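J.: Have a look at this one before I ask anything.
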Amino acid sequence: MPPHEIFPNPMVKQVAFEVRFPNLFFIEGRIGDFQVKVMKDFPQSELILRRNIMLLAGNSDKLEELVKQQQVDSVDKIWQFKSISGAKLEISTKNLVLNSDNHRSYHQGGEESFRAVIDRVVRNFFVMVEIPIALRVGLRYVNECPIFGRSTKTFNECYNTILPLNRFELEHVANMDCVVVANAERCQIRHVESLKLGPGDDQLILDLDAWTENVPSENVMPCTDILHECISAEFRNTIKEPIIEFMRKPKGGA
């Protein structure tokens, strides 16, 4: 399978990108300038107040004061921007997150590709904040993969799975999840597989999340390209020929 092959029937359903940074209290005063810069991609905007919930324990004399403190300190401001196609950009004082249920490829789409959108957002963001380093850069792909009959043999012919099907056969399980976090050569990667069984079509949810830390701001895009390469390699190592052929068929084709 060529590394940059474009499939007519891809399995990716959600892609996400994140940059974390030190708590930047000055963002609120500059967010308007950033909004103007990204308005072409994200014309819809709103401010969301997100309350953090703290579980309190202790004697009753201290609880009232703790509750008051929580009410004052535990609301985060999230500036949210949306594209016409449904991509969502959220910025807080601690991170930038870009989510899309519409993109099916990192490179496909020219100026509208997921990589191109990330690049425009990142360039405008670092003009606004002018910080030298990102604490964490992450990229995540969530795939919904077909299961052709609830058969362990058939499943193993389609996937190089991390699920313990040698002990718990697919024919007899109600659900199954497995998570592996590993240190790759150029990043860390979290590989999650979950069986979605029940009414309707059975699916394997393949969730691949790669990240690296302490990235100079000028290297965020090269770093993101590396994360994409790591995720692509992990995806290719997980699927086998029947799934590759499934993705090569026109969507909805036999």
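J.: Being of a type in the set (Phe, Trp, Tyr) and farther than 28 Å from TRP211 by Cβ is the filter here; which residues of the range 133-158 pass it? Can you show your working first?
T.: Narrowing the range 133-158 to residues of a type in the set (Phe, Trp, Tyr): 141, 148, 155.
Once the filter is applied, which keeps residues that are of a type in the set (Phe, Trp, Tyr) and farther than 28 Å from TRP211 by Cβ, the range 133-158 yields PHE148, PHE155.
J.: Read through the list (1) in contact (Cβ under 8 Å) with a residue 24 or more places away in the chain; (2) outside any loop (DSSP other than H, G, I, E, B); (3) within 16 Å of SER85 (Cβ to Cβ), then give the number of the only condition that GLN108 fails.
T.: Answer for GLN108: the failing condition is (2).
J.: Return the residues of the range 131-163 that are more than 16 Å from ALA233 (Cα to Cα) and assigned to a loop (DSSP other than H, G, I, E, B); say none if nothing qualifies.
T.: ILE131, PRO132, ILE147, PHE148, GLY149, ARG150, SER151, LEU163
J.: Can you name every residue in the range 18-45 that is within 20 Å of PRO132 (Cβ to Cβ) and not in a helix (DSSP H, G or I)?
T.: Within the range 18-45, GLU18, VAL19, ARG20, PHE21, PRO22, ASN23, LEU24, PHE25, PHE26 qualify.
J.: Another question about this same structure. Please enumerate the residues belonging to the range 196-251 that are on the phi > 0 side of the Ramachandran plot and in contact (Cβ under 8 Å) with a residue 12 or more places away in the chain.
T.: Within the range 196-251, ASN214 is the sole residue that qualifies.
J.: Restricting attention to the range 32-51, does a residue exist that is more than 24 Å from SER100 (Cα to Cα) and either surrounded by fewer than 10 Cβ atoms within 10 Å (Cβ to Cβ) or at pLDDT below 70 (or both)?
T.: The answer is no; no qualifying residue exists.
J.: For the range 185-220, what are the residues that are outside any strand (DSSP E or B) and either buried (at least 16 other Cβ atoms within 10 Å of the Cβ) or outside the structural domain of TYR159 (by TED's automatic domain parsing) (or both)?
T.: Here is the first cut: in the range 185-220, the residues outside any strand (DSSP E or B) are 185-187, 197-202, 217-220.
Hits for the range 185-220 are CYS187, LEU197, ASP202, SER217, VAL220.
J.: Count, please, the residues in the range 152-209 that happen to be hydroxyl-bearing (Ser, Thr, Tyr), over 25 Å from the mean Cα position of the chain (by Cα) and under 18 Å from MET247 (Cβ atoms). Don't jump to the end; show me each part of the working.
T.: Of the residues in the range 152-209, the ones hydroxyl-bearing (Ser, Thr, Tyr) are 152, 154, 159, 161, 194.
Okay, now just the ones that are also over 25 Å from the mean Cα position of the chain (by Cα), so 152, 154.
Narrowing further to those that are under 18 Å from MET247 (Cβ atoms): 154.
Looking only at that region, the number is 1.
J.: To continue, here is another question. Exactly one condition in (1) within 18 Å of VAL192 (Cα to Cα); (2) of a type outside the set (Lys, Arg); (3) at pLDDT 95 or above is false for ALA134; which is it?
T.: (1)
J.: Can you find, within the range 88-125, the residue that is farthest from the chain's Cα centre (by Cα) among those that are over 30 Å from VAL75 (Cβ atoms) and of a type in the set (Asp, Glu)?
T.: So, considering only residues that are over 30 Å from VAL75 (Cβ atoms) and of a type in the set (Asp, Glu), the one farthest from the chain's Cα centre (by Cα) is GLU111.
J.: Which ones in the range 241-254 are loosely packed, with under 15 Cβ neighbours inside 10 Å and under 17 Å from THR161 (Cβ atoms)?
T.: Of all residues in the range 241-254, those loosely packed, with under 15 Cβ neighbours inside 10 Å come to 241-242, 244-245, 248-254.
If the condition is that a residue be loosely packed, with under 15 Cβ neighbours inside 10 Å and under 17 Å from THR161 (Cβ atoms), then GLU241, PRO242, ILE244 are the ones that fit.
The values are calculated or read from the model by the stated rules, or taken from the named source; none is laboratory data. Nothing here was measured: the structure is a model prediction, and the numbers come from that model. Note that we place each Cβ from the backbone using ideal geometry, even for glycine, and neighbour counts take in every protein chain shown.
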